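J.: Please see the structure below; I have some questions.
The values are calculated or read from the model by the stated rules, or taken from the named source; none is laboratory data. Keep in mind that what you see is a predicted model, and the values were worked out from it rather than measured. Heads up, the Cβs are rebuilt from the backbone with ideal geometry, glycines too, and the neighbour counts pull from every protein chain shown. The protein model used for the area step is the full one, side chains on, heavy atoms only, and it has no ligands, DNA or RNA in it. Shrake-Rupley method; radii C 1.70, N 1.55, O 1.52, S 1.80 Å.
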Amino acid sequence: SFSLASTAITCFTRGLDLRKETEDVLCPANCPLWQFYVFGDGVYASLSSICGAAIHSGVITSAGGAVRVQTLPGQENYPAVNANGIQSQVLARWASSFSVTGTKNTALEAVGRSVSTARPSTGMRSLPQEKPPVKRYCKADIAFLIDGSYNIGQRRFNLQKNFVGKVAMMLGIGTEGPHVGVVQASEYPKIEFYLKNFTTAKEVLFAIKELGFRGGNSNTGKALKHTAQKFFSSESGVRKGIPKIIVVFLDGWPSDDIEEAGIVAREFGVNVFIVSVAKPTTEELGMVQDIGFVDKAVCRNNGFFSYQMPTWFGTTKYVKPLVQKLCSHEQMLCSKTCYNSVNIGFLIDGSSSIGDSNFRLVLEFIGNVAKAFEISDIGSKIAAVQFTYDQRTEFRFTDYTTKEKVLLAIRNIHYMSGGTATGEAISFTTRNVFGPMKDSPNKNFLVVLTDGQSYDDVRGPAATAQKAGITVFSVGVAWAPLDDLKDMASEPKESHTFFTREFTGLEQMVPDIIRGICKDFLESKQ
C-alpha cells in the first residue's frame, strides 16, 4: 500500500539526502529544468536531483507531484540520455543509486503521459509537451577559499567540504559554464586545484572529497591576498571577460588582518564573497582583531557579498541562494577595474621640432602605457591621433581589440613633421575619436603629448573635452610651456600635468600615468 504522507522536498534535493530505503516525496512545481543535475537513465546515481530524475523518467512533469524513491546499490556506469527536456550526464561509478516511480495517485497519470507523449493517437489531442529550455550558462571563474584552520576542526571541515560540493554541483560546472578551483586557508595558503584542472561537476566533486585537513591558524587575510594575486592567471585557466570571484568560507574569525587583502582583491578586479559560519561568541570577540572584518573584505559593503549560516549542519537550504548570488553577473561590481574598463586616446605631437629618433621614444612611451591595460572587445580600448597643423587618426578605439595588434599599430605610426596646433587637435579628437564612444561603459582618458608652444588656444578645446566626460593628462617635453600643459590638464592640475626636459625622461613617467588613470577611475566609481 502507498503512504498518504509525502515529504515535501526542494527542486535540488538529491537521492543521497534521503535516509529511508523507500520514501514518498513531493516535488514542487516550476523547477528550472536547466539547473538540474541528473546522472543516468531509469536508475540514477544518488547525487542526482530526485525531482530532476522524476521529470527525466516521465513520472511527473514540471508541474511537480508525488514521487516514490527507492534506494538501490551503486553501479559501474550511468548513461547520458536526453528525455523530457533534461539531459542526464554520464557518470563512471557511484556508491549508491535510486529509482523513481509514481505513487498510487500518480501512477496511471504517469503511464498515460508516457504513452501519449511517445506516440499521440491520430485525431486525439495530446498533452502539451515541454519545450526544451534554452541553455543559460552561469558565467564565473570561482575560487572557493575554504577554512582549514584549527578553528573549524576536522569534523566541521568535512561538513564544509560537503557544502562546497553541493554548491559546485548546482553551479553547473562545464566548458561554457562556471570554472572552479579550491584554495585552503590555514597557517599558509595552499592552492588545492586551479580553474583549468577539472571541467566537469563530478571531477570537481571527487577532488573536493579528497581534500585533506591542514590545521593551523586561520590566516584568512594572507590566503585571500595570495589567491587574488596568484590564482587568477591565464596559465591557471582564467578567461577574459568572465567575472573573477573568491568565496571565502570562515568558521569563526580570521587570525590576521583581512582588510588589506580585500583592497588587493578589488584592485585585481576580484569579487570577494564571505560566507561566515558560527559567529564568534562574546568571550571570543576580544580575540578578533577587527569585528567589522566582513564589511572591509567583501567587494562592496551592500549586503550582497556577505552570507551568514548559523551552523555547518543542515546547510542544503543555503546552497541555492548562494549559487544565485554567484551567477548574478550584473551584480559583480568589482569585475570592472581601471585595467579593463577604460578608453585611452593618445594625442601625439608630430611637429618638426621633435625629430624622428625622439618620435620613436614617444611611441615607445605610448606602447608601455598601453601594455598595462587589458585590451579586448569587452575590455579597455586604445586610440591614437597624430597632429601638426593637420590631424591624422592613426587608429580608432574599435580598430584593434587585442593588445598585440594595438602595440603593432603603435610601432607602425609614421612621423608626420610640421607645425603645432594642439587646440584644434584636441577638438578633432573629442569629436571624431571619443564622439562615437559616447555610449561606451568605459571611462574616457586623453593623454596629450607635446614638445612646444601651440599656435592656437588650448584652454577652450580642453574644457569642452572635459565637459564631454574625458579626463585629460598633459605630458610636456623640452620647450612645452607649463601654462599650456596646465590649461589642458584636468583638475587637480598638479596630478594631471607631467613634464620632462629630455625625451629619454618619458620612460620614468609610465608608472605615474598608469597610476593616475587608475586613481581617477577608482574615484569615479565611489
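J.: Any idea what the dipole of the range 401-493 comes to, in debye rounded to 20, about its Cα centre with Lys/Arg Cβ at +1 and Asp/Glu Cβ at -1? The partial results should precede the final answer.
T.: Details: 10 positive and 10 negative charges, 89 e Å.
Approximately 420 debye in magnitude.
J.: With Rg and the Kirkwood Rh both taken from Cα atoms, where does Rg over Rh land for the range 268-417? Mind showing how you got there, number by number?
T.: On the way: Rg = 24.6 Å, Rh = 19.5 Å.
Over the Cα atoms of the range 268-417, Rg/Rh equals 1.26.
J.: So how far apart, in nm, are the two label points at ASP512 and SER357 if each is 7 Å from Cα heading toward Cβ?
T.: Placing both labels 7 Å along Cα→Cβ, they lie 2.5 nm apart.
J.: Projected area of the range 7-102, taken from the Cα convex hull and averaged over every viewing direction, in nm²? Don't skip to the end; give the middle numbers.
T.: Values: hull surface 19.4 nm².
That works out to 4.9 nm², a quarter of the Cα hull's surface.
J.: Under the rule of -39500 (n - 2.57) per DSSP H run of 4 or more residues, summed and divided by the residues of the chain, what mean residue ellipticity at 222 nm is obtained, to the nearest 500 deg cm²/dmol? Present the calculation step by step, with values, prior to reporting the outcome.
T.: Details: 15 runs with 159 residues, N = 526.
Counting only the DSSP helices, I get -9000 deg cm²/dmol.
J.: Per residue, how much accessible area does the range 141-331 show when a 1.4 Å probe rolls over the protein heavy atoms, in square angstrom?
T.: Value returned for the range 141-331: 41 Å² of accessible area per residue.
J.: Pairs of Cα atoms under 8 Å, at least six residues apart: use those to get the relative contact order of the chain, whole percent.
T.: Numbers: 1084 pairs, mean separation 44.3, N = 526.
Normalised by residue count, the contact order of the chain is 8 percent.
J.: So who's got an amide H within less than 5 Å of the one on PHE395, skipping anything under 5 residues away but keeping other chains? H placed 1.01 Å off N, in plane.
T.: Sorted by chain and number, the residues that satisfy this are ALA384.
J.: Given a Förster distance of 30 angstrom, what is the FRET efficiency for GLN324 paired with ARG239, based on the Cβ-Cβ distance and rounded to 0.05?
T.: Details: r = 21 Å, r/R0 = 0.71.
Working from the Cβ atoms, E equals 0.90.
J.: Near LYS139, which lysines are there with a Cα under 17 Å away, not counting those fewer than 8 places off in the same chain?
T.: List returned: LYS196, LYS240, LYS244, LYS320, LYS325, LYS336.
J.: Provide the per-residue ³J(HN,Hα) series for the range 486-494, in order, calculated from phi with Karplus coefficients 6.51, -1.76, 1.60 and θ = phi - 60°, each as a whole number of Hz, with x at glycine and proline positions.
T.: After applying 6.51 cos²θ - 1.76 cosθ + 1.60, I find 5, 5, 7, 6, 6, 6, x, 4, 4 Hz.
J.: Leaving out ligands, DNA and RNA, and with a 1.4 Å probe, what % of the accessible surface on the range 429-526 is carbon or sulfur?
T.: On the range 429-526, the fraction of accessible area on carbon and sulfur atoms equals 53 percent.
J.: Here's something else I'd like to know. Can you give me the orientation-averaged projected area of the convex hull built on the Cα atoms of the range 195-246, in nm²?
T.: Projected over every direction and averaged, the Cα hull of the range 195-246 covers 4.6 nm².
J.: Okay, moving on. Leaving out ligands and nucleic acids, and using a 1.4 Å probe, what accessible area per residue does the range 7-102 come to in Å²?
T.: 39
J.: As a test of reading the structure, rank TYR78, TYR455 by solvent-accessible area (1.4 Å probe, protein chains only), most first.
T.: On the way: TYR78 0, TYR455 160 Å².
Descending order: TYR455, TYR78.
J.: Based on Cα positions only, what radius of gyration and what Dmax would you give for the range 195-286, in angstroms?
T.: Answer for the range 195-286, Rg first and Dmax second: 15.1, 46 Å.
J.: For helix 506-525, what angle does its Cα long axis make with the longest principal axis of the chain, in degrees from 0 to 90 and rounded to 10?
T.: Once rounded, the angle reads 50 degrees.
J.: Rank TRP94, TRP34, TRP479 by accessible area, highest first, at a 1.4 Å probe radius? Could you put the intermediate results ahead of the total?
T.: Working: TRP94 45, TRP34 65, TRP479 200 Å².
Solvent-accessible surface, decreasing: TRP479, TRP34, TRP94.
J.: Using the Karplus curve 6.51 cos²θ - 1.76 cosθ + 1.60 with θ = phi - 60°, work out ³J(HN,Hα) for each residue of the range 205-222 in order, rounded to whole Hz, and write x for Gly and Pro.
T.: With the stated coefficients, the range 205-222 comes to 4, 5, 5, 5, 4, 7, 5, x, 6, 9, x, x, 5, 8, 7, 5, x, 4 Hz.
J.: Still on this structure: So, by mean Cβ neighbours within 10 angstrom, what's the order for 172-184, 295-307, 19-31 with the highest one leading?
T.: Values: 172-184: 20.2, 295-307: 18.5, 19-31: 15.1.
Put in order of decreasing packing, that is 172-184, 295-307, 19-31.
J.: How far, in nm, would the chain grow between ALA29 and ALA463 when pulled straight, counting 0.36 nm per residue and subtracting the alpha carbon separation?
T.: Values: separation 434, 0.36 × 434 = 156.24 nm, distance 5.98 nm.
Result: 150.3 nm gained on full extension.
J.: If you take the beta carbon distance between THR504 and ASP439 as r and set R0 to 51 Å, what does 1/(1 + (r/R0)^6) give as a FRET efficiency, to the nearest 0.05?
T.: On the way: r = 40 Å, r/R0 = 0.78.
After rounding to 0.05, the efficiency reads 0.80.
J.: If I take the Cα coordinates of the chain and project them onto the principal axes, what are the three extents in Å, biggest first?
T.: Between the extreme Cα coordinates on each principal axis of the chain lie 98, 72, 36 Å.
J.: Let me ask something else. Around SER474, what is the net charge, scoring Lys/Arg as +1 and Asp/Glu as -1 over all other residues with Cβ under 10 Å from its Cβ? Intermediate values should be presented prior to the final figure.
T.: Numbers: positive: LYS486, LYS493; negative: ASP484, ASP487.
Residues close to SER474 contribute a combined charge of 0.
J.: Leaving ligands, DNA and RNA out of it, rank TYR318, TYR188, TYR339 by accessible area with a 1.4 Å probe, largest first.
T.: On the way: TYR318 45, TYR188 140, TYR339 75 Å².
Putting TYR318, TYR188, TYR339 in descending order of accessible area: TYR188, TYR339, TYR318.
J.: Using a ≥ b ≥ c from the Cα gyration tensor of the range 141-331 (square roots of the eigenvalues), is it rounded, prolate or oblate, where a/c under 1.5 gives rounded and otherwise the larger of a/b and b/c decides, a/b for prolate? Display every interim value, and only then the final one.
T.: Values: a/c = 1.45, a/b = 1.26, b/c = 1.15.
Since a/c stays below 1.5, the shape of the range 141-331 is classed as rounded.
J.: Which far-off residues, 5 or more places away or on another chain, put their amide H under 5 Å from the one on PHE499, with H placed in the peptide plane?
T.: It is GLY476, by chain and number.
J.: Would you mind telling me the share, in percent, of accessible area of the range 7-102 contributed by carbon and sulfur at probe 1.4 angstrom?
T.: Details: 2030 of 3780 Å².
Here carbon and sulfur together make up 54 percent of the probe-accessible area.
J.: Another question about this same structure. Take the solvent-accessible surface of the protein heavy atoms, probe 1.4 Å, and return the percent of it on the range 225-273 that carbon and sulfur atoms account for.
T.: Numbers: 850 of 1770 Å².
Carbon plus sulfur share of accessible area: 48 percent.
J.: Would you please give the residues with an amide H less than 5 Å from that of VAL272, counting only those at least 5 places away or on a separate chain, with H modeled from the backbone geometry?
T.: Result for VAL272 returns ILE246, CYS299.
J.: Which ³J(HN,Hα) values in Hz, rounded to whole numbers, follow from the phi angles of the range 377-393 under the Karplus curve 6.51 cos²θ - 1.76 cosθ + 1.60, where θ = phi - 60° and Gly and Pro get x?
T.: Working through the residues one at a time gives 5, 10, x, 6, 9, 10, 9, 9, 10, 9, 9, 10, 7, 9, 10, 9, 6 Hz.
J.: Once you list every other residue whose beta carbon is under 13 Å from the beta carbon of GLN184, what net charge do they have if Lys and Arg are +1 and Asp and Glu are -1?
T.: On the way: positive: LYS161, LYS190, ARG214, LYS222; negative: ASP147, GLU187, GLU192, GLU210, ASP251.
Taking every Cβ under 13 Å from that of GLN184, the sum is -1.
J.: Assuming R0 = 56 Å, can you tell me the calculated FRET efficiency for the pair LYS493 and GLU203, based on Cβ-Cβ distance, to the nearest 0.05? Show your work: numbers first, answer last.
T.: On the way: r = 56 Å, r/R0 = 1.01.
The formula returns an efficiency of 0.50 here.
J.: What are the equivalent ellipsoid semi-axes of the range 342-524, built from the alpha-carbon gyration tensor (square roots of five times its eigenvalues), in whole angstrom, biggest first? Before the final figure, lay out the partial values.
T.: Details: eigenvalues 91, 67, 53 Å².
Each semi-axis is √(5λ); the values are 21, 18, 16 Å.
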